[in-house]
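Participant: Below you will find the structure I want to go over with you.
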Amino acid sequence: MDNCIFCKIAAKQIPSKAIYEDDDLIAFHDINPAAPVHFLIVPKMHIPTLSDCNEAQQALLGKMMLLAPKLAKEQGCAYVNTGEGRGSGGFKTLFNTGPDGGQEVYHLHLHVIGGPHPWRGQR
Ligand code: AMP
Ligand code: ZN
């Protein structure tokens, strides 16, 4: 897709601070982090929003969601279930969809936001 910033990042036409890549997905640090850890999990395929997904994207969406805790752990914000109380650590996962959902980049992406509180942003 022409003029799509995340397509260009996936194609290495513009740089990113990548933390993961496979045939389907790339993950990189958000350029304007809302918390100590803030990265995006992005399909290489251009899909504008979560609302443009259907059953054909079911496995892709599952892969994105399951990647979130793995990368969160690597980035130092794993959720640790201690077996007592709430446990510790953790992160937020977020798809912004459409203007009223606060979406700015119209290429599907999953925000993973974590690290010690307090955070600057409250997305
Ligand atoms: P959203 O509002 O859900 O569309 O979020 C888009 C996110 O992409 C924002 O958090 C931006 O800071 C981030 N972003 C925009 N351009 C870049 C870029 N070149 N590299 C990394 N993150 C970016
Ligand atoms: Zn795109």
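The values are calculated or read from the model by the stated rules, or taken from the named source; none is laboratory data. What you see is a predicted model, and the numbers here were worked out from it, not measured in a lab. Virtual Cβ from ideal backbone geometry, glycine too; neighbours counted across all protein chains shown. For accessibility, only protein heavy atoms count, side chains too; no ligands or nucleic acids. Shrake-Rupley method; radii C 1.70, N 1.55, O 1.52, S 1.80 Å.
Participant: Quick one: what do you get for the chain if you divide its Cα Rg by 2.2 N^0.38 Å?
Facilitator: Compared with the compact-globule rule of thumb, the chain sits at 1.07.
Participant: Here's a follow-up. For the chain, what is the accessible area per residue in Å² when the probe is 1.4 Å?
Facilitator: 61
Participant: How big is the charge dipole of the chain about its Cα centre, in debye rounded to the nearest 20, if each Lys and Arg gets +1 on its Cβ and each Asp and Glu gets -1 on its Cβ?
Facilitator: 420
Participant: Once each part is reduced to its C-alpha centroid, what is the distance from the stretch 17-45 to the stretch 63-112 in angstrom?
Facilitator: Comparing the Cα centres of the stretch 17-45 and the stretch 63-112, I get a distance of 11 Å.
Participant: Next up: Build a GNM of the chain with springs between Cα atoms under 10 Å: which of Thr97, Thr82, Thr49 gets the top mean-square fluctuation?
Facilitator: Thr82
Participant: Further, regarding this structure: Can you give the percent of C-alpha pairs in the stretch 16-67 whose distance is more than 18 Å?
Facilitator: Cα-Cα pairs in the stretch 16-67 separated by more than 18 Å: 35 percent.
Participant: With the full set of protein chains in place, find how many percent of the accessible area of the stretch 73-123 is carbon and sulfur; take the probe as 1.4 Å.
Facilitator: Ligands and nucleic acids excluded, carbon and sulfur give 48 percent.
Participant: Another question, then. Give, as ranges by residue number, the residues of the stretch 104-119 whose backbone N falls under 12 Å from the point 7 Å along Cα→Cβ of Thr49.
Facilitator: 104-108
Participant: What does the extension gain come out to for Ile14 and Ala56, with contour length at 0.36 nm per residue minus their alpha carbon separation?
Facilitator: Extending this stretch completely gives an extra 12.3 nm.
Participant: Quick check: at a probe of 1.4 Å, how many percent of the accessible area of the stretch 1-69 sits on carbon and sulfur atoms?
Facilitator: Summing carbon and sulfur atoms, their accessible area is 56 percent of the total for the stretch 1-69.
Participant: For a distance above 19 Å, tell me the whole-number percent of Cα pairs in the stretch 50-102 that qualify.
Facilitator: 47
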